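A.B. asks: Pasting in a structure now, in structure tokens, and then I'll have a few things to ask.
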Amino acid sequence: MRSDSVKTGTAQAPHRSLFNALGFTEEERRRPMIGIVSSFNEIVPGHMNLDKITEAVKMGVAMAGGMPVVFPAIAVCDGIAMGHVGMKYSLVTRDLIADSTECMAMAHGFDGLVCIPNCDKNVPGLLMAAARVNIPTIFVSGGPMLAGHVHGQKRSLSSMFEAVGSVAAGTMTMDELAEFEEKVCPTCGSCSGMYTANSMNCLTEVLGMGLKGNGTIPAVYAARTRLAKDTGEQILKLLEQDIRPRDILTPAAFENALRADMAIGCSSNTVLHIVAISYAAGCPIDLKKIDEIGHQTPQICKLNPASQVFITDLYEVGGIQAMLKELDKGGLIHRDLVTVSGTVGERIDAAPDADGEIIHKLETPLRKDGGIAILFGNLAAEGAVVKQGAVVPEMMVHSGPARVFDSEEDATAAIGSGNIHPGDVVVIRYEGPKGGPGMREMLTPTSMIAGMGLGESVALITDGRFSGATRGASIGHVSPEAAAGGLIALVEEGDTIAIDIPNRKLELLVDEATLAQRKAAWKPPVKQLSGYARRYAQHVTSGSTGAIFDDLLEENQK
């Protein structure tokens, strides 16, 4: 066993004395040592139940004959961090999580890992760590939050942010806003829409790194606790079979994940994270490949915030495996891939058929192509991302004057004061991976646009990114970013920007001579950075390569 390096032999007597200090018995030390990475904390609603999930996993590991050892991973609540400097410290934690987990696993000689994430950066961060360490690993998330109910309608966190815009527009009272505050987030769990957290938990299941149900069993259901116990037991079976993350995280598995992503209209952040995980696994995927899969894959589910269907509704009709079964009928899924519990084909064969309403049949898809589109053009030479499944039909093709802002705060102030008008294209720049730094999510301005009734007439583009709760013609990850000299840095107030989502185009309609003059006069703004933000800005790469660190990019280019 790998853990023999810290438990067995004369030279390890000092190590054993420290295990004695921890209260481990000699019998426990003879067992495989399973590291349990818990993201539990008391600031993230999606993580407040992870102490219970962790205890269930520990029980499962012990029942199967393992020695469970818990250690932590940090987590930022994107909702609480939204709209202020805190959001600069959200995406950056993905790499801290990956680095610290790798350090813990390598330093202590764990034989296997169970990863317990639930929210946006924890899932991809731990998947990146699993791919790096490459010892038997399995995931179990904390599960999604139940939807709230206001006036007989299901509601989610995106409703809350949009309500703020409605108050600014004078279409909602403060008393109504207070009622939303009380009711939209009724339980623990990852926020109830198909936002980034639920998207990544579902895609972890599709990749084969979690048991069936990982993505959709609600946080408060007893089935979630049973899943955690089963996960603890299953890691010992993976150890016996020597199934490792890089056996599972193959190019074909990433294709399955991207097809699922397109079919259920996941958060646009999944593009950023899937690309980053693929680099960590040594089989990088580029944006052109993602768009190719998007063209081939119909959208057969539309979940909140794009509709009033919630992830709990998907769970009730068979969850992710039922959706994959429908895609498989069209030959769109690689079946003969290993997972943490059988093959992909074995898992989906046991699932129910698509119900036809929550999960549409392939013959009657919601869209003929996927829920996410990759746009290219002079304004996005390396690509940009839009959740097209959440764009209203009248905004799929749009041309309008640029309203240019060099920060999210400036744009939010303009939107809130009524200075954005139908037809405008809001441009928010210097918010990319380097420029922010940290590639902030823009849920506050996009929700204000929607809440003020401008979602059918105003577009927004940024080198930052969006929460999965964003809907509308919101185009993010514009690459190259402004801080790197991308064309978005040269846009001026009133320039015409043309958006053509069906034809995957994003263009700045300004002649080359004028752009050359602007480029000659351009200087990037200087930001005084310190601490981790400074180190992050020095090493992070483009959104088009998943905002990974430069060393990982270089490693994959050798």
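The values are calculated or read from the model by the stated rules, or taken from the named source; none is laboratory data. Here the structure is a predicted model, which means the values were calculated and not measured. Methodologically, a virtual Cβ is constructed for each residue, glycine included, from the backbone with ideal geometry; neighbour enumeration extends over all protein chains shown. Just so you know, the surface numbers come from the protein's heavy atoms only, side chains and all, with ligands and any DNA or RNA stripped out. Shrake-Rupley method; radii C 1.70, N 1.55, O 1.52, S 1.80 Å.
A.B. asks: Could you give the size of the charge dipole of the chain about its Cα centre, using +1 on the Cβ of each K and R and -1 on the Cβ of each D and E, expressed in debye and rounded to the nearest 20?
C.D. replies: The dipole magnitude comes to about 1100 debye.
A.B. asks: Now for a different question. Rounding to the nearest 20 debye, state how big the charge dipole of the stretch 8-114 is about its Cα centre with +1 on each Lys and Arg Cβ and -1 on each Asp and Glu Cβ.
C.D. replies: So the magnitude is around 120 debye.
A.B. asks: Can you give the local net charge around ILE497? Use residues other than it whose beta-carbon is closer than 13 angstrom to its beta-carbon, Lys and Arg +1, Asp and Glu -1.
C.D. replies: -3
A.B. asks: Something else about it: Leaving out ligands, DNA and RNA, and with a 1.4 Å probe, what % of the accessible surface on the stretch 224-322 is carbon or sulfur?
C.D. replies: It is 42 percent, rounded to a whole number.
A.B. asks: Also, I was wondering about something else. Mind putting a number on the dipole of the stretch 115-207 about its Cα centre? Charges go on the C-beta only, +1 for Lys and Arg and -1 for Asp and Glu, and I need it in Debye to the nearest 20.
C.D. replies: Using Cβ point charges on Lys, Arg, Asp and Glu, the stretch 115-207 gives about 440 debye.
A.B. asks: Taking 2.2 N^0.38 Å as the expected size of a compact globular protein, what ratio does the Cα radius of gyration of the stretch 118-159 give against it, to two decimals?
C.D. replies: Cα Rg divided by the expected 2.2 N^0.38 Å: 1.76.
A.B. asks: For LYS121, go through the aspartates and glutamates and keep the ones whose alpha-carbon is under 14 Å away, minus same-chain ones fewer than eight residues off.
C.D. replies: ASP78, ASP95, ASP99, GLU441
A.B. asks: Roughly how many nanometres apart are two label points built 7 Å out from the Cα toward the Cβ at MET63 and GLU492?
C.D. replies: My value for the distance between the label points is 6.9 nm.
A.B. asks: What residue among SER159, SER199, ALA129 has its Cα farthest toward the positive end of the dipole of the stretch 116-209, where the charges are +1 on Lys, Arg and -1 on Asp, Glu, each on the Cβ?
C.D. replies: Of SER159, SER199, ALA129, it is ALA129.
A.B. asks: Moving to a separate point now. Given all pairs of different Cα atoms, what value in angstroms does the Kirkwood hydrodynamic radius of the stretch 225-264 take?
C.D. replies: 12.0
A.B. asks: Next up: How far, in degrees from 0 to 90, does helix 157-169 lean away from the longest principal axis of the Cα atoms of the chain, to the nearest 10?
C.D. replies: Between the helix axis and the principal axis of the chain, the angle is about 20 degrees.
A.B. asks: Additional query: Would you mind checking the pairs LYS368/LYS519; LYS368/LYS558; LYS52/LYS237; LYS302/LYS558; LYS302/LYS505; LYS289/LYS329 and listing those with alpha carbons more than 31 angstrom apart?
C.D. replies: Cα-Cα > 31 Å for LYS368/LYS519; LYS368/LYS558; LYS302/LYS558; rest within.
A.B. asks: From Cα pairs below 8 angstrom and at least 6 apart in sequence, can you work out the relative contact order of the chain, rounded to a whole percent?
C.D. replies: For the chain, the relative contact order is 14 percent.
A.B. asks: Next up: Of ALA390, GLY282, SER457, which is farthest towards the positive pole of the chain's charge dipole, taken about the Cα centre with +1 and -1 on the beta-carbons of Lys, Arg and Asp, Glu respectively?
C.D. replies: The Cα lying farthest towards the positive end belongs to GLY282.
A.B. asks: Using a Cα-Cα cut-off of under 17 Å, which aspartates and glutamates could be cross-linked to LYS58, ignoring same-chain neighbours fewer than 8 residues away?
C.D. replies: Leaving aside aspartates and glutamates fewer than 8 places away in the same chain, those within reach of LYS58 are GLU27, GLU28, ASP111, ASP230, GLU233.
A.B. asks: If you fit an axis through the alpha-carbon atoms of helix 92-108 and take the longest principal axis of the Cα set of the chain, what angle between them do you get, 0 to 90°, nearest 10?
C.D. replies: Taking Cα atoms only, the helix is inclined about 10 degrees.
A.B. asks: Also, quick follow-up: In Å², what does the accessible area per residue of the stretch 49-104 work out to with a 1.4 Å probe?
C.D. replies: Per residue, the stretch 49-104 has an accessible area of 37 Å².
A.B. asks: If you don't mind, another one. Ignoring any ligand, DNA or RNA, what whole percent of the accessible area of the stretch 69-108 comes from carbon and sulfur when the probe is 1.4 angstrom?
C.D. replies: Carbon and sulfur atoms account for 73 percent of the accessible area of the stretch 69-108.
A.B. asks: Distances longer than 39 Å among the Cα atoms of the chain: what percent of all pairs is that?
C.D. replies: 24
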